[in-house]
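I have placed the structure first, in the form of structure tokens, so that the comments after it can refer back to it.
What follows is calculated from the coordinates using simple rules that are stated; it is not laboratory data. None of these values were measured; they are calculated from a predicted model. Here the Cβ positions follow ideal geometry from the backbone for every residue, glycine too, while neighbour counts run over all protein chains shown.
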Amino acid sequence: MDRRPIGIFDSGVGGISIWKELRNKMPLEDTIYLADSKNAPYGEKSPEAILQLSIKNTELLLQNHCKLIVVACNTATTNAIDYLRKNYAVPFIGIEPAIKPAALQSVSGKVGVLATRGTLTSALFHSTAKNHAANIEILEQVGTGLVELIEKGQAQSPEARNLLQKYIQPMTAAGIDHLVLGCTHYPFLIPVLKDELPVHVKIIDCGEAVAKQTHKVLQQHQLLNTDQREPSYKFLSNTEAEMLSRFLKDEPGELQIKFLDF
Ligand code: DGL
């Protein structure tokens, strides 16, 4: 039994989609969430820059006594998780585009992946694709501009819709039957995607799987908190806390949302 918080980081608001799943699955756990919005989007940075930002976020979470870190960002996971696991003692949970379940379920043999440039050019993405989706065709698309719009609270704007139409059209024309959301910001686009995708195309997002895996790893390391008290939820943003507050406005319970210059 361990009362220390779970640490979570992302380049901004995207990891909130993961935080919600974590809280649903483990309602007794305290969490600290870092939104590194000042440095968003990670997806257009070099692998070295993404690694350095991931180290900075990890160290801040460790200074805050986190017992486990969820890298709630595909771009940071695919570029930095090996390093983080080798260099820090706490367990890390990463998130990668869910091409394995999509490949297993695909009937057309064609799966679309919408992700950042940083994820799609990473060695980890390519080895996962080779190991788990060798028999299917993967149609990759960089979601240029989407993270910036989502960070500004414009996920449902005409601009976001136009970009999505442009990005998914070649994939649907090629016959995909699954679209993998390979960036934790993209679940905020699901209402627009549902409008724009043919009904038979299934959207795959792996937030729930990440929460299950986090629970399993906490259990294996005897790190679960079983203390029946009100959990504490801290959110730290290095731009303005306002946007985080807007994304979290419908969440029940007491949330501490603050600015911190990290
Ligand atoms: N939310 C992130 C991801 O899952 C990063 C997006 C970005 O900053 O480019 O990839």
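What the table shows:
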read-out	value
Pairs with Cβ under 8 Å, 6+ apart, first in region 12-41 and farther than 16 Å from Lys56 by Cα and without any contact (Cβ under 8 Å) to a residue 40 or more places away in the chain, second aromatic (Phe, Trp, Tyr) and within 12 Å of the ligand (Cβ to nearest atom)	none
Residue list for region 19-40, restricted to those being of a type in the set (A, V, I, L, M) and within 14 Å of the ligand (Cβ to nearest atom)	Leu34, Ala35, Ala40
Tally of residues being under 15 Å from Asn131 (Cα atoms), crowded, with 18+ Cβ neighbours inside 10 Å and over 19 Å from the mean Cα position of the chain (by Cα) across region 88-110	1
Test: residue in region 152-174 that is out of contact with any Cys (no Cβ under 8 Å at 6 or more places or on another chain), over 27 Å from Glu242 (Cβ atoms), of a type in the set (Gly, Ala, Ser) and within 12 Å of the ligand (Cβ to nearest atom)	no
Check on Leu124, assigned to a helix (DSSP H, G or I) and within 20 Å of Asp177 (Cα to Cα)	no
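Table: residues versus (1) in contact (Cβ under 8 Å) with a residue 12 or more places away in the chain; (2) farther than 26 Å from Glu251 by Cβ; (3) away from the ligand (no atom under 11 Å from the Cβ); (4) surrounded by fewer than 16 Cβ atoms within 10 Å (Cβ to Cβ).
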residue: Ser46; (1), (2), (3), (4): no, yes, yes, yes
residue: Ala49; (1), (2), (3), (4): no, yes, yes, yes
residue: Thr58; (1), (2), (3), (4): yes, no, yes, no
residue: Asn74; (1), (2), (3), (4): yes, no, no, no
residue: Ile81; (1), (2), (3), (4): yes, yes, yes, no
